[in-house]
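The values are calculated or read from the model by the stated rules, or taken from the named source; none is laboratory data. For clarity, every value in this text was computed on a predicted model and none was experimentally measured. For neighbour counting, all protein chains shown are included, and Cβ atoms are generated from backbone atoms with ideal geometry for every residue, glycine included.
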Ligand code: BG6
């Protein structure tokens, strides 16, 4: 018998900028990524989402493929500047019509939509008006945007999440400079992150005040950290890394407060986050209904008194990345016994069971969705077929890892592999493939089912029994 509950949801995920294209169609406003990806040297070989895989024009064909796959749910994001070109104020009805049409098409095929409100594409107008996430004004603007979405789509959509992976868009946007707005300013970054938590809380409050039927959650990277050795220094370094990358991002949305020790450290070192009257109560009173976990890899951590900085592998040449380190605190190091992808991500399914267990231990048995999980690879084409057996192996092992967590009592309600279709990887171009559906960039973006498509079809049909 399957370990997955009868009403477990099997789906897949994407995000607007990575699939839609139509970057300036039908009144859409400019996003921070539209601008950033056109600046020289920012992305892999200058790739961008101008056209992406043209999902904007081909969504009916894509939804038909989702239905054929047997998907019961689809996680996608709304492009804020497509519905509010200036970020607030005038609504772009053509943008609303696109998402409305997509939702209707999904429902027609019995596919339950899960909407992500913010998957990194900020209206550039808000960046220019007040510095985007760097300013408190963003909280009000985000709430206006969220309310618009609830109002227009809340009659048909009952699974929502406010943000995708704050650690990435804030970490890379404000600490490493690899995402827009390309800053390397921890002080601004910590404060910007605070504004994200406030915006989340405000949007959750509005969701409840407006009586929207359904659940609203928050999606985080789940990257369990393990010490590279048993030495007290490595264990302490690991505790700090787990605190920064996990507890800092989860506590404010699941407990309504920051982890106390780290908060004191940040305020002492940088004077932030700065709280305004009402912030604490807003966070406390608006805990999310569920947490979405995006799991790809775990990280090994070591004590660090040498490395500062980092370099990520964006080429798919194994070993081309460099360790990430914050001198005096910790560094993320390679596991000598680990199995790695071509992008130097450790493949470690057990980490997903562990991660879910850690969430349950810290936050109680809250509803969990695995909102992303997948293998980025250059898939070989053999005799005309896209043979992605390594992806099948990866997903199978991770589905088993979720099954193990469910057997241990965790309330995991759904699984969204990343990604439904091959799409743009923000910094890695189109060569890092994740999908069940291949897109032929040399042949008018034609769609083709991969080997994994038939496999996942059987997984869904058997509720996770036939792996
Ligand atoms: C997550 C994001 O970080 O991981 C996705 O939510 C992203 O948008 C995915 O594409 C895979 O990362 P990458 O860098 O391999 O594209």
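A few notes on this one:
- Residue within the range 212-219 that is under 18 Å from residue 275 (Cβ atoms) and either in a helix (DSSP H, G or I) or touching a strand residue (DSSP E or B) at 6+ places or on another chain (Cβ under 7 Å) (or both) present: no
- Considered as a group, the residues in the range 404-444 that are at positive phi and surrounded by fewer than 17 Cβ atoms within 10 Å (Cβ to Cβ) include one that is nearest to the ligand (Cβ to nearest atom), and that residue is 444.
- Filtered residues of the range 107-126 (kept if under 21 Å from the mean Cα position of the chain (by Cα) and either over 18 Å from residue 151 (Cα atoms) or away from the ligand (no atom under 16 Å from the Cβ) (or both)): 111, 112, 113, 119, 120, 121, 122, 123, 124
- Verdict on residue 148 being under 26 Å from residue 197 (Cβ atoms), assigned to a helix (DSSP H, G or I) and at pLDDT 95 or above: yes
- Scanning the range 82-106 for residues that are part of a helix (DSSP H, G or I), more than 23 Å from the chain's Cα centre (by Cα) and surrounded by 15 or more Cβ atoms within 10 Å (Cβ to Cβ) yields one hit, 105.
- Residues of the range 361-389 classified as more than 16 Å from the ligand (Cβ to nearest atom) and surrounded by 18 or more Cβ atoms within 10 Å (Cβ to Cβ), total: 2
- Filtered residues of the range 204-239 (kept if under 20 Å from residue 363 (Cα atoms), more than 16 Å from the ligand (Cβ to nearest atom) and either in contact with a helix residue (DSSP H, G or I) (Cβ under 8 Å, 6 or more places away or on another chain) or without any contact (Cβ under 8 Å) to a residue 40 or more places away in the chain (or both)): 216, 225, 226, 239
- Any chance residue 169 is touching a strand residue (DSSP E or B) at 6+ places or on another chain (Cβ under 9 Å), within 16 Å of the ligand (Cβ to nearest atom) and under 18 Å from residue 205 (Cβ atoms): no
- Selection within the range 71-92 - in contact with a helix residue (DSSP H, G or I) (Cβ under 9 Å, 6 or more places away or on another chain) and either free of Cβ contacts under 8 Å to residues at least 12 places away in the same chain or within 16 Å of the ligand (Cβ to nearest atom) (or both): 74, 76, 77, 78, 79, 80, 89
- With respect to the conditions (1) in contact with a helix residue (DSSP H, G or I) (Cβ under 9 Å, 6 or more places away or on another chain); (2) surrounded by fewer than 21 Cβ atoms within 10 Å (Cβ to Cβ); (3) without any contact (Cβ under 8 Å) to a residue 60 or more places away in the chain; (4) part of a loop (DSSP other than H, G, I, E, B), residue 39 lacks only one, and its number is (1).
- Cross-chain or 6+ apart pairs with Cβ under 6 Å, the range 332-351 first and over 17 Å from residue 294 (Cα atoms) and in contact (Cβ under 8 Å) with a residue 12 or more places away in the chain, then more than 16 Å from the ligand (Cβ to nearest atom) and part of a loop (DSSP other than H, G, I, E, B): 333/228
- Flag if residue 66 is outside any helix (DSSP H, G or I), over 24 Å from residue 170 (Cα atoms) and within 22 Å of the chain's Cα centre (by Cα): no
- Residue match in the range 312-326 (condition: under 27 Å from residue 396 (Cα atoms) and either more than 16 Å from the ligand (Cβ to nearest atom) or in a strand (DSSP E or B) (or both)): yes
Condition check ((1) closer than 30 Å to residue 295 by Cα; (2) at pLDDT below 95; (3) touching a strand residue (DSSP E or B) at 6+ places or on another chain (Cβ under 6 Å)) across all residues:
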| position | (1), (2), (3) |
| --- | --- |
| 1 | yes, yes, no |
| 35 | yes, no, no |
| 51 | yes, no, no |
| 59 | yes, no, no |
| 63 | yes, no, no |
| 69 | yes, no, no |
| 83 | yes, no, no |
| 97 | no, no, no |
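- Residues that are surrounded by fewer than 13 Cβ atoms within 10 Å (Cβ to Cβ), modelled with pLDDT of 95 or more and closer than 26 Å to residue 148 by Cβ occur in the range 281-295; there is at least one.
- Residue in the range 23-33 that is surrounded by fewer than 20 Cβ atoms within 10 Å (Cβ to Cβ), at pLDDT 95 or above, over 20 Å from residue 114 (Cβ atoms) and within 23 Å of the chain's Cα centre (by Cα) present: yes
- Of all the numbered requirements in (1) touching a strand residue (DSSP E or B) at 6+ places or on another chain (Cβ under 7 Å); (2) buried (at least 18 other Cβ atoms within 10 Å of the Cβ), residue 401 misses one, and that requirement is (1).
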